[in-house]
Amino acid sequence: MIAPVVPSSGTLRPLGLDRVRVTGGFWAELQARNAEAMIPHGHEWVERVGWVDNLRRAAAGRLPDGRRGPVFADSDVYKLVEAMAWEAARTGDGALDSTVDDLATVIAAAQEPDGYLHTGFGRAGQAPRYSDLEWGHELYCYGHLIQAAVARLRAHGEQTLTEVAIRAADHVCREFGPSGRVAVCGHPEIEMALVELYRATGERRYLDQARLFVDRRGQGTLADIPFGRSYYQDDVPVRTRDAFAGHAVRALYLACGAVDVAVETGDDKLLDAVTRQWERTVAARTYLTGGMGARGEGEAFGEDHELPPDGAYAETCAGVASTMLSWRLLLATGEARFADLAERTLFNVVAASPALDGRAFFYANALQQRVPGQPPDPHRPSPRAVSSLRAPWFDVSCCPTNVARTVATLGGIVATVDDGGLQLHQYATGTVAAEVGGRPVALRVETGYPWDGTVRITAEHDTGPVRLRLRVPSWASGAVLDGVAVPPAAYTTVEGDWRAGDEIRLELPASRPRFTYPDPRVDAVRACVAVERGPLVYCAEAVDLPPGASLDAIAVDTAVVPTRGPDPTLGPDTVGLTVRARVTMGGGPEGLGGGENRVDAVAWPYRSRPGPTAGGAEVAVPMVPYHLRANRGPTAMRVWIPARHSQHEERA
Ligand SMILES: [Zn+2]
């Protein structure tokens, strides 16, 4: 099956990229951008910064001289190859196939005879192999190599890359197996890759090695560091942890590996442990966008409810990793909540990273930009992960290639099957072809989602009895299926035979904007309000405000529902919204003006009585989808804006 995750058991079974085709709308546009810009752009940059050349030099015996990039630079070549392999499988692009073969040849030539493969260790003048498991990323790099190889294997059968990955995996099993080093890698990733290689080849040793790595984590085999062992999840065993903590991408990749091990070994206790951690993390450590990892320091999860909007790190890779975890939990359990978080995260973190031209990316995804900031240099890698604008590449450039491989495989998370039926989890125009109960089912889906909530599903031929389940998102109160109300946050079921041309119509209230309020314990945004429409989070950008008005000196009037428009010219079908607000401090048109309440006043900002929260002039505040932010030059931005709940309250 041509899919990244193919469990041998679980509630739902995935469908391959050849069975689900996204042909129009939001995700098709992003997939086209990936093919035309993001993947070629990634290829240009891994050559330009010398990361492919590291492998060429390794093969030619010319390292360590001239090795470039961070210690884990090899992994970004592998992730790019994975993206290319899935993309070539999806579209049958022969030129891309050849590029994958060329890169596979470079990678194969760099591998040592015993299977070891890393450009940063083990040669004269370099540190010895596995001498720095805390930061060396050797096993992490194998993980990405193996995932790329599994993509190639499933799309094309045995190839150069498969042989390289099997040699590397065999080497890992020898070095780190039951009689080898009692150690783990500072960055989880190898675990889920080994399980997938087991699924693809049937070689049980890879699964056993993955389970060993999951069980060894949390035993303190890695050194204590200034961030603490929690940074790499080596402080508490996976089975006894209560929430995701430490470096967010590490924590989420480890959780993916743990779910994979649990599913393949029938370890329900391990699956329950990760599910509990997911619940607590979603309840207390996740941004409205689905972003995870509140702290820039250590790129880490914060404490419960520590979710500052301006400091939000919410790394793009953590969004990718969260989506990978949600997908695994959905396949294992069939529960709608996992597809729900995947959707939120895909639209508001993963799709928010690439620029409209596909040639620049956000690494961190803050929910508030206080000052416009400076554009990154378009000709150099950005030295910083945090920026007010997208950068073409980064010194640590994990995110762009991670977005590329995710976008190439989006079709794979649209639908699944079980013994009696077919499930639609995400809505996109396209086709789904599957076998249900031994009989073929082919459906056509047409929708303007997420801009419009009407989803039409048509049978392409006659079928026997099929149980079709459609996800009704958690925000979709008032959804209607063929004229009948259906509850949100669950799957709704249609049973029966289909005749060719039979159509059902799901109406999701995606075009009804809504206000969203935070739990008061999320104290950084207490008394604020956000605006959502369907699965999309919106934001206000200062470039849209009337002259003199400040994003930090308005309060949204929540008694007035947001209205449509003006629609920004930021891609096809894009819907803009407008909220009504009052200027709370001087500086706006007819603001309070004067004295201590001026926005630009330089004065001690703490007082013996509360300042005004409203009373100034009314302003219309345009809002744009968060994933399209920062496409019109440097500007301040807010997702959460102070709210004024009623005029009565303000007059009191
Ligand atoms: Zn990243």
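Summary of computed values
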| quantity | calculated |
| --- | --- |
| Among the residues listed as Leu330, Leu307, the single one being touching a Phe, Trp or Tyr at 6+ places or on another chain (Cβ under 7 Å), open to solvent by 10 Å² or more (accessible area, probe 1.4 Å) and away from the ligand (no atom under 15 Å from the Cβ) | Leu307 |
| Single residue of Thr401, Thr463 found to be farther than 25 Å from Met637 by Cβ and within 16 Å of the ligand (Cβ to nearest atom) | Thr401 |
| Single residue of the stretch 354-393 satisfying the filter (under 18 Å from the mean Cα position of the chain (by Cα) and under 15 Å from Glu299 (Cβ atoms)) that is nearest to the ligand (Cβ to nearest atom) | Tyr363 |
| Candidates Arg526, Arg564, filtered to the one that is open to solvent by 80 Å² or more (accessible area, probe 1.4 Å), under 30 Å from Val480 (Cβ atoms) and either modelled with pLDDT of 95 or more or in contact with a helix residue (DSSP H, G or I) (Cβ under 6 Å, 6 or more places away or on another chain) (or both) | Arg564 |
| Residue that is most open to solvent (accessible area, probe 1.4 Å) [pool: residues in the stretch 550-561 that are among the small types (Gly, Ala, Ser) and part of a loop (DSSP other than H, G, I, E, B)] | Ala559 |
| Residue pairs meeting the criteria (Cβ under 7 Å; at least 6 apart or on separate chains; first under 21 Å from Phe361 (Cα atoms), in the stretch 19-40; second open to solvent by 20 Å² or more (accessible area, probe 1.4 Å) and in a helix (DSSP H, G or I)) | Ala35/Thr91 |
| Residue count for the stretch 464-486, restricted to those that are in a loop (DSSP other than H, G, I, E, B) and within 24 Å of the chain's Cα centre (by Cα) | 4 |
| Residue match in the stretch 441-463 (condition: in a strand (DSSP E or B), open to solvent by 10 Å² or more (accessible area, probe 1.4 Å), small (Gly, Ala, Ser) and modelled with pLDDT of 95 or more) | yes |
| Identity of the residue in the stretch 274-304, part of a loop (DSSP other than H, G, I, E, B) and without any contact (Cβ under 8 Å) to a residue 24 or more places away in the chain, that ends up surrounded by the fewest Cβ atoms within 10 Å (Cβ to Cβ) | Glu303 |
| Long-range neighbours under 7 Å by Cβ, at least six apart or interchain, first residue under 25 Å from Thr454 (Cβ atoms) and of a type in the set (Asp, Glu) within the stretch 527-538, second open to solvent by 10 Å² or more (accessible area, probe 1.4 Å) and modelled with pLDDT of 95 or more | Glu532/Trp475; Glu532/Arg514; Glu532/Thr516 |
| The listed residue being in a helix (DSSP H, G or I), within 18 Å of the chain's Cα centre (by Cα) and either within 16 Å of the ligand (Cβ to nearest atom) or within 30 Å of Arg533 (Cβ to Cβ) (or both), out of Gly319, Gly257 | Gly319 |
| Residue within the stretch 4-12 that is farther than 28 Å from Ala258 by Cβ, open to solvent by 10 Å² or more (accessible area, probe 1.4 Å) and of a type in the set (Ser, Thr, Tyr) present | no |
| Residue within the stretch 28-50 that is part of a loop (DSSP other than H, G, I, E, B), within 25 Å of Glu189 (Cα to Cα) and either open to solvent by 10 Å² or more (accessible area, probe 1.4 Å) or touching a Pro at 6+ places or on another chain (Cβ under 8 Å) (or both) present | yes |
| Scope the stretch 239-254; condition within 16 Å of the ligand (Cβ to nearest atom) and either on the phi > 0 side of the Ramachandran plot or of a type in the set (Gly, Ala, Ser) (or both); matching residues | Gly246, Ala248, Ala251 |
| Pair list, Cβ under 6 Å, 6 or more apart: the stretch 86-115 residue exposed (fewer than 14 other Cβ atoms within 10 Å of the Cβ), other residue part of a helix (DSSP H, G or I) | Asp114/His171 |
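The values are calculated or read from the model by the stated rules, or taken from the named source; none is laboratory data. For clarity, every value in this text was computed on a predicted model and none was experimentally measured. Ideal geometry is used to build each Cβ from the backbone, glycine not excepted, and the neighbour counts take in all protein chains shown. When the accessible area is computed, the model is the full protein with side chains, heavy atoms only, and any ligands, DNA or RNA have been set aside. Shrake-Rupley method; radii C 1.70, N 1.55, O 1.52, S 1.80 Å.
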